[in-house]
Amino acid sequence: MTKTELVRNLQNQFDNLKKYQVKEVVDAVFNEIVEGVVFDGKVNVPGFGSFRRKVRTGPHWDVKQKTMVEGTPVNRVAFKVGADFKRQVRTSSSV
């Protein structure tokens, strides 16, 4: 599902809202998740999952210099699926 499809599906569920209003809400939710990870290091949505910032300090590829860089901290984002989300996917009959 793309973001456009998500907005359309939500707009169909909430027909009292205009498409641009639903898009603004979806954008706001995603922005809050990003800000939560950036500033607090984690965002937890019970039943859905949790996002957290992980800092890795191993060697990594530097695209600009086209070389391996040793020991430089690199921010990564990790997502752990929540129990309800995992259960719904596992019991889903659609493939």
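The values are calculated or read from the model by the stated rules, or taken from the named source; none is laboratory data. Only a predicted model underlies this, so the values are computations on that prediction, with no experimental measurement involved. Neighbour counts run over all protein chains shown; Cβ positions are idealised from the backbone, glycine included.
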Practice task
Within the stretch 9-20, identify whether any single residue is over 23 Å from residue 89 (Cβ atoms), of a type in the set (Ser, Thr, Tyr) and outside the structural domain of residue 80 (by TED's automatic domain parsing), and answer yes or no.
Solution key: yes
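Search the stretch 1-17 for residues being of a type in the set (D, E, K, R) and in contact with a helix residue (DSSP H, G or I) (Cβ under 8 Å, 6 or more places away or on another chain), and hand back the single one that is farthest from residue 43 (Cα to Cα).
Applying the filter and picking the extreme gives 8.
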Practice task
List every residue pair whose Cβ atoms sit under 7 Å apart, with the two residues 6 or more apart in sequence or on different chains, where the first one lies in the stretch 26-44 and is free of Cβ contacts under 8 Å to residues at least 12 places away in the same chain and β-branched (Val, Ile, Thr) and the second, anywhere, is part of a helix (DSSP H, G or I) and surrounded by 11 or more Cβ atoms within 10 Å (Cβ to Cβ).
Solution key: 43/33; 43/36; 43/37
Handout entry: Boolean, residue 43 is in contact with a Ser or Thr (Cβ under 8 Å, 6 or more places away or on another chain) and modelled with pLDDT of 95 or more
Key = yes
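For the stretch 5-19, which residues satisfy the criterion of being surrounded by 11 or more Cβ atoms within 10 Å (Cβ to Cβ) and part of a helix (DSSP H, G or I)? Even if it seems obvious, please write down each step before you answer.
Of the residues in the stretch 5-19, the ones surrounded by 11 or more Cβ atoms within 10 Å (Cβ to Cβ) are 6-11, 14, 17-19.
Matches in the stretch 5-19: 6, 7, 8, 9, 10, 11, 19.
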Fill in the blank from the handout: Across the stretch 50-74, the tally of residues that are modelled with pLDDT of 85 or more and touching a Lys or Arg at 6+ places or on another chain (Cβ under 6 Å) stands at 3
Handout entry: Test result for residue 43, β-branched (Val, Ile, Thr) and out of contact with any Pro (no Cβ under 6 Å at 6 or more places or on another chain)
Key = yes
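Being under 21 Å from the mean Cα position of the chain (by Cα) and free of Cβ contacts under 8 Å to residues at least 12 places away in the same chain is the filter here, so list the residues in the stretch 10-19 that pass it. First the steps, then the outcome.
Residues of the stretch 10-19 under 21 Å from the mean Cα position of the chain (by Cα): 10-11.
The answer is 11, and nothing else.
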